[in-house]
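Visitor: Before anything else, here's the structure in question.
The values are calculated or read from the model by the stated rules, or taken from the named source; none is laboratory data. Here the structure is a predicted model, which is why all the values come from computation and not from measurement. We place every Cβ from the backbone using ideal geometry, glycine too, and count neighbours over all the protein chains shown. Quick note on the areas: whole protein, heavy atoms, side chains included, nothing else; ligands and nucleic acids left out. Shrake-Rupley method; radii C 1.70, N 1.55, O 1.52, S 1.80 Å.
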Amino acid sequence: AKAYDPTRGTPFGSFATARIRGALLDELRGLDWASRSVRSRARRIDTAQQELTATLGRTPTTAELAEALGVGIDEIQATDDDVQRAVVLSLQGFAAGTAEDLVPERAAGPEELILHRERIGYLHHAIEALPERLRLVISAYFFDERPMTEIAAELGVTESRVSQLRAEALVLLRDGLNAHLDP
């Protein structure tokens, strides 16, 4: 506000906006560990990579990128290294807990996949071992995703009876699976 000169004809709001924006950008540049030249080279490489990707229909190789920019491959790699060194992670930003807490999802490993397949196999065998009427209800309801009214009409019973048959089949399946697997 002290540097504002009303005789220049600029409204104070415009003057203050420009000064505040400039001060913020200066502060952010001061916090950035990469120099302006490194960021400029990185933007130039990124722009060229996007253009080549659009032209080629795939991600360009480092050699293609270097050729398009007219620089050596070592300069592309050096710029990438400079940008990577400028990335700083705050240790305070991480929540307390174990490393597993930081990973949002964990893909199933080979052991879990085999166990899952084994359980599915047991389930299919257990369904095959059900009496015909219960097997039909389970197959129609869960595999074919048919409504209970349709199943009831096919069996010639009420919807509530189909619900009872489904519940009975689920109890038998649970007992059969628990006999082979840990409950």
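Visitor: Which of the residues belonging to segment 112-171 are among the hydroxyl-bearing types (Ser, Thr, Tyr) and either assigned to a helix (DSSP H, G or I) or touching a strand residue (DSSP E or B) at 6+ places or on another chain (Cβ under 9 Å) (or both)?
Guide: Those that are among the hydroxyl-bearing types (Ser, Thr, Tyr) and either assigned to a helix (DSSP H, G or I) or touching a strand residue (DSSP E or B) at 6+ places or on another chain (Cβ under 9 Å) (or both): Tyr122, Ser139, Tyr141, Thr149, Ser160, Ser163.
Visitor: If you go through segment 29-39 one residue at a time, do you hit one that is open to solvent by 60 Å² or more (accessible area, probe 1.4 Å), outside any helix (DSSP H, G or I) and of a type in the set (Ser, Thr, Tyr)?
Guide: The answer is no; no qualifying residue exists.
Visitor: Pick from Leu113, Leu123: which is surrounded by 13 or more Cβ atoms within 10 Å (Cβ to Cβ) and without any contact (Cβ under 8 Å) to a residue 60 or more places away in the chain?
Guide: Leu123
Visitor: Quick one: Pro104 ticks every box in (1) modelled with pLDDT of 80 or more; (2) open to solvent by 100 Å² or more (accessible area, probe 1.4 Å) bar one, so which box is it?
Guide: (1)
Visitor: Now a separate question. Would you confirm whether or not segment 62-83 contains a residue that is over 30 Å from Gly176 (Cα atoms), open to solvent by 100 Å² or more (accessible area, probe 1.4 Å), in a helix (DSSP H, G or I) and modelled with pLDDT of 75 or more? Give the steps one after another, and end with the answer.
Guide: So in segment 62-83, the residues over 30 Å from Gly176 (Cα atoms) come out as 62-83.
Now narrow it down to the ones that are open to solvent by 100 Å² or more (accessible area, probe 1.4 Å): 67, 74.
Subsequent filtering for residues that are in a helix (DSSP H, G or I) retains 67, 74.
Remaining after also requiring modelled with pLDDT of 75 or more: 67, 74.
Yes, some residue in segment 62-83 is over 30 Å from Gly176 (Cα atoms), open to solvent by 100 Å² or more (accessible area, probe 1.4 Å), in a helix (DSSP H, G or I) and modelled with pLDDT of 75 or more.
Visitor: May I ask you to list pairs of residues, at least six apart or on different chains, whose Cβ atoms are under 8 Å apart, with the first in segment 38-67 being under 19 Å from Gln84 (Cβ atoms) and the second being aromatic (Phe, Trp, Tyr) and modelled with pLDDT of 90 or more?
Guide: If the second residue must be aromatic (Phe, Trp, Tyr) and modelled with pLDDT of 90 or more, no pairs are left.
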